[in-house]
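S.K.: Handing you a structure now.
The values are calculated or read from the model by the stated rules, or taken from the named source; none is laboratory data. Quick caveat, the model's predicted, so the values are computed rather than measured. Cβ: placed from backbone, ideal geometry, glycine included. Neighbour counts: every protein chain shown. These accessible areas exclude ligands, DNA and RNA; they are computed on the full protein's heavy atoms, side chains included. Shrake-Rupley method; radii C 1.70, N 1.55, O 1.52, S 1.80 Å.
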Amino acid sequence: MNIYLAEFIGTAILILLGGGVNAGVSLKKNYFHGGSWLAICVGWGLAVALAIYAVGDISGAHINPAVTLGFAIIGSFEWVLVPGYILAQFLGAMTGAALVWLHYLPHWKATEDQATKLGVFCNSPAISSKFANLFSEVSGTFLLTFALSFLGLNKFTEGLNPLVVGLLICMIGLAMGGTTGFAINPARDLGPRIAHFLLPIAGKGKSGWGYSWIPVLGPVLGGMLGTLGYQAIFNQNIIFALYPCFVALVILIVLAIKEQNSSQEE
């Protein structure tokens with residue numbers, strides 16, 4: 001199979017299953033309606049694991065532009081392959097989201113709340129605070145690519161690696177996902193958001209474009225910081241790109257703290 005097709009299929013599997021869990025929890029008149037945050041985190045973790053089982057031996061199962069960029073910036077992945085990987089990931093995410101819409105077709109009309117329907121497809125913050133929300137996405141994706149770097153050095157029983165990565169996703173969701181819904185993947189949020197905009201979903205409302213840049217920029221910065229940080233800490237290999245990324249992180253933290261202080265004064 002072509003590597004780009006593999007990334008497309010892997011990302012479509014990820015969104016079909018992960019988004020399907022979101023839909024089951026959120027949409028009315030289905031047997032899983034009202035399920036827990038634990039179910040969502042476990043569901044997304046298992047979705048990642050299955051996607052890796054499906055295409056890991058073909059494309060490496062990045063299924064995430066932040067992972068692709070994170071490993072490209074340290075020289076572990078060829079830059080010439082990056083555009084094709086990212087395009088395949090976004091198209092796969094849109095396709096997976098469309099399949100979720102089709103599978104739950106009668107339930108969109110039965111669910112009145114527009115924000116609930118949008119939440120099936122993409123993320124929104126529990127508390128709207130743009131710099132804090134951005135930091136949440138940066139930190140979650142930092143942990144993802146940092147952990148993927150050291151997990152790759154460990155030897156697991158053959159076939160167990162995808163489950164370990166799935167557990168990593170589940171843990172990130174439980175520990176850090178309650179603030180923004182842990183996109184930690186630009187394709188996972190923007191692809192389905194575009195699908196929400198294009199699909200004839202009953203009573204869907206707006207697609208939340210004002211927030212859409214945060215689950216894109218945050219994971220991109222966090223993903224690069226994770227791999228660059230791993231190289232610096234574990235391999236004593238400081239790549240120049242670490243400096244501007246670190247400066248951007250410091251500025252973001254200052255802005256997030258300032259934003260909170262301003263809101264308290266109000």
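S.K.: Across the chain, what fraction of all alpha-carbon pairs, as a whole percent, falls in each successive 10 Å bin from zero upward?
M.R.: 7, 30, 36, 20, 6, 0
S.K.: What is the gain in length, in nm to one decimal, between Glu259 and Met1 on full extension, counting 0.36 nm per residue of separation less the C-alpha to C-alpha distance? Walk me through the numbers on the way to the answer.
M.R.: Values: separation 258, 0.36 × 258 = 92.88 nm, distance 4.83 nm.
Gain in length upon complete extension: 88.0 nm.
S.K.: For segment 1-18 and segment 113-149, what is the separation of their C-alpha centers, rounded to whole Å?
M.R.: Rounded to whole Å, the Cα centres lie 21 Å apart.
S.K.: Ratio of alpha-carbon Rg to the 2.2 N^0.38 Å globular estimate for segment 165-266, to two decimals, please. If you can, show how the numbers build up before the last one.
M.R.: Numbers: Rg = 17.1 Å, N = 102, 2.2 N^0.38 = 12.8 Å.
Relative to the rule-of-thumb radius for its length, segment 165-266 sits at 1.34.
S.K.: Go through Tyr53, Tyr85 and list them by solvent-accessible area, largest first, probe radius 1.4 Å. Write down the numbers at each step before the final one.
M.R.: On the way: Tyr53 110, Tyr85 5 Å².
Ranked list, largest accessible area first: Tyr53, Tyr85.
S.K.: Which helices, taking whole DSSP H runs in the chain, have alpha carbons extending 15 angstrom or more along the helix axis plus mean Kyte-Doolittle at least 0.0?
M.R.: 3-26, 37-59, 82-103, 130-151, 161-176, 214-234, 242-265
S.K.: Next question, about the same structure. Given a cut-off of 12 Å, what percent of all Cα-Cα pairs of segment 103-155 lie beyond it? Present the calculation step by step, with values, prior to reporting the outcome.
M.R.: On the way: 1032 of 1378 pairs.
Roughly 75 percent, rounded to a whole number.
S.K.: Lysine pairs in the chain 8 or more apart or on different chains: how many have alpha carbons under 27 angstrom apart?
M.R.: 17
S.K.: Here's another thing I want to ask about it. In nm², what is the average projected area of the convex hull enclosing the Cα atoms of segment 205-245?
M.R.: Values: hull surface 13.0 nm².
If you wrap the Cα atoms of segment 205-245 in a convex hull and average its projections, you get 3.2 nm².
S.K.: Among 1-13, 135-147, 212-224, 242-254, what's the highest-first ranking by average C-beta atoms within 10 angstrom per residue?
M.R.: Details: 1-13: 21.5, 135-147: 25.1, 212-224: 23.5, 242-254: 14.2.
Descending packing order for the listed peptides: 135-147, 212-224, 1-13, 242-254.
S.K.: For n ≥ 4 DSSP H runs only, could you compute -39500 (n - 2.57) per run for the chain, divide by its residues and tell me the 222 nm figure to the nearest 500?
M.R.: On the way: 11 runs with 187 residues, N = 266.
Result for the chain, helices only: -23500 deg cm²/dmol.
S.K.: Report the semi-axes of the equivalent ellipsoid for segment 1-71 in whole Å, largest first, where each axis is √(5λ) for an eigenvalue λ of the Cα gyration tensor.
M.R.: On the way: eigenvalues 145, 27, 17 Å².
After scaling each eigenvalue by five and taking roots: 27, 12, 9 Å.
S.K.: So if each residue of separation counts as 0.36 nm, and I subtract the Cα-Cα distance between Lys29 and Trp79, what length gain in nm does that give?
M.R.: Values: separation 50, 0.36 × 50 = 18.00 nm, distance 4.64 nm.
Answer, rounded to one decimal: 13.4 nm.
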